[in-house]
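The values are calculated or read from the model by the stated rules, or taken from the named source; none is laboratory data. Because the structure is predicted, anything quoted here is derived from the model rather than measured. Cβ sites come from the backbone with ideal geometry, for glycine too, and all protein chains shown count toward neighbours. Just so you know, the surface numbers come from the protein's heavy atoms only, side chains and all, with ligands and any DNA or RNA stripped out. Shrake-Rupley method; radii C 1.70, N 1.55, O 1.52, S 1.80 Å.
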Amino acid sequence: MESIKGMVFNIQRYSIDDGPGIRTTVFLKGCPLRCLWCSNPESQNPCPEIAHRESSCKRCGRCVEVCPVQAISLTEGAIRIDRNLCDNCGECVSECPHEALKIFGKEMTVDEVFAVVRKDKDYYKVTGGGVTVSGGEPLAQAEFAAALLKRCQEAGIHTCLDTSGYGAQPDLEKILPYTALVLFDLKHMDPVLHREYTGCDNELVLRNLELVVKNGTPLIIRIPLIPGHNDSDEQLAAFARVAAEVAKGAPVNIMPYHRYGTGKYKMLDLPYQLDDLKPPAEERLQRAKEIFNSFGLECEVKI
Ligand code: SF4
Ligand code: SF4
């Protein structure tokens, strides 16, 4: 099992937002959803991707010279990358003296990831932390996620799955036996709007939520609060009903919309569709909390 490889785009040590205590969050690449507000666009494509940071680039042209397939050009004073030609060889990344290029995504074995995770075992013990497998969508790499979580569980490390809930049920079933806590995203309760905002409807998500509950795995509902998209009183009440009834009173974390990921869209030549959207006002966050509390739910706003 340890020889199974996963496509990882980040391993974040000392994370405090992805479950209890201090954690190491392993971000897996590839996601079937395309949430308009996604703050990790580098997580969506399951393959490695070259990225270019315009603000660091000095336009020296060294990357252009070393690219074996002529995928990079310096045209009208700007670097352009032909992503159809690029095979992610990494030559340009090594050559760039200004760290303006990087490749998101690296194939790693369970052993390699575990070697990073285990480094902070003492912190996990003291703080009640552990490992969180996130994404992208971990269900899209279920074999790897299950093998990694199993390895951590066997080493006495608390295990957590951070999921959008959008994945095949057999894949979720593979992972749950090695998962002590699920962070389960709900993005919209209306299937039509869910499809409009994420590209997929929410039927599978809700069936998977039922599966987690039936399995008895502790869970926290996480709601990305996106102004004008899912933050009306009616929508918040709809989320709360699902948390109270389907998820049997699971606590709720509100994840306010932020814009920290917008620079990465530029690095990947991807359009960002919520350019004019501002983070939610404090009053709206408080109102959301009140609504969840009125359903008897614990609710925390994660800033
Ligand atoms: S080598 Fe780096 S700094 Fe020079 S043009 Fe390429 S990306 Fe820009
Ligand atoms: S990663 Fe390789 S193929 Fe892609 S642009 Fe850089 S040098 Fe060219």
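Quick notes on this structure:
- Among residues of segment 227-255 that are touching a residue at least 40 places away in the same chain (Cβ under 8 Å) and under 13 Å from residue 188 (Cα atoms), those with a beta-carbon under 6 Å from a residue that is part of a loop (DSSP other than H, G, I, E, B) and not aromatic (Phe, Trp, Tyr) at least six positions away or on a different chain give the pairs 227/280; 230/188; 238/189; 239/186; 243/250; 243/297.
Here is a yes/no grid of residues against (1) in a helix (DSSP H, G or I); (2) of a type in the set (A, V, I, L, M, F, W, C); (3) in contact with a Lys or Arg (Cβ under 7 Å, 6 or more places away or on another chain):
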position: 249; (1), (2), (3): no, no, no
position: 260; (1), (2), (3): no, no, no
position: 271; (1), (2), (3): no, no, no
position: 277; (1), (2), (3): no, yes, no
position: 285; (1), (2), (3): yes, yes, no
position: 289; (1), (2), (3): yes, no, no
position: 293; (1), (2), (3): yes, no, no
position: 297; (1), (2), (3): no, yes, no
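- Taken over segment 79-99, the criterion of being of a type in the set (S, T, N, Q) and assigned to a loop (DSSP other than H, G, I, E, B) is satisfied by 84, 88.
Here's the yes/no breakdown for (1) of a type in the set (A, V, I, L, M); (2) out of contact with any Asp or Glu (no Cβ under 6 Å at 6 or more places or on another chain); (3) open to solvent by 40 Å² or more (accessible area, probe 1.4 Å); (4) not assigned by TED's automatic domain parsing to the domain that holds residue 221:
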site: 248; (1), (2), (3), (4): no, yes, yes, no
site: 252; (1), (2), (3), (4): yes, yes, no, no
site: 258; (1), (2), (3), (4): no, yes, yes, no
site: 262; (1), (2), (3), (4): no, yes, no, no
site: 270; (1), (2), (3), (4): yes, yes, yes, no
site: 281; (1), (2), (3), (4): yes, yes, yes, no
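- Failed item in (1) outside the structural domain of residue 226 (by TED's automatic domain parsing); (2) open to solvent by less than 20 Å² (accessible area, probe 1.4 Å), with residue 59 passing the rest: (2)
- Condition met for residue 76 (touching a residue at least 12 places away in the same chain (Cβ under 8 Å), farther than 30 Å from residue 125 by Cα and not assigned by TED's automatic domain parsing to the domain that holds residue 179): no
- Top-ranked residue of segment 20-56 - restricted to ones that are within 9 Å of ligand 1 (Cβ to nearest atom) and not in a strand (DSSP E or B), ranked as most open to solvent (accessible area, probe 1.4 Å): 53
- Single residue of segment 94-114 satisfying the filter (open to solvent by 50 Å² or more (accessible area, probe 1.4 Å) and within 26 Å of residue 5 (Cβ to Cβ)) that is farthest from ligand 1 (Cβ to nearest atom): 111
- Looking only at segment 64-77, and only at residues there that are modelled with pLDDT of 95 or more and surrounded by fewer than 18 Cβ atoms within 10 Å (Cβ to Cβ), the one that is nearest to ligand 1 (Cβ to nearest atom): 74
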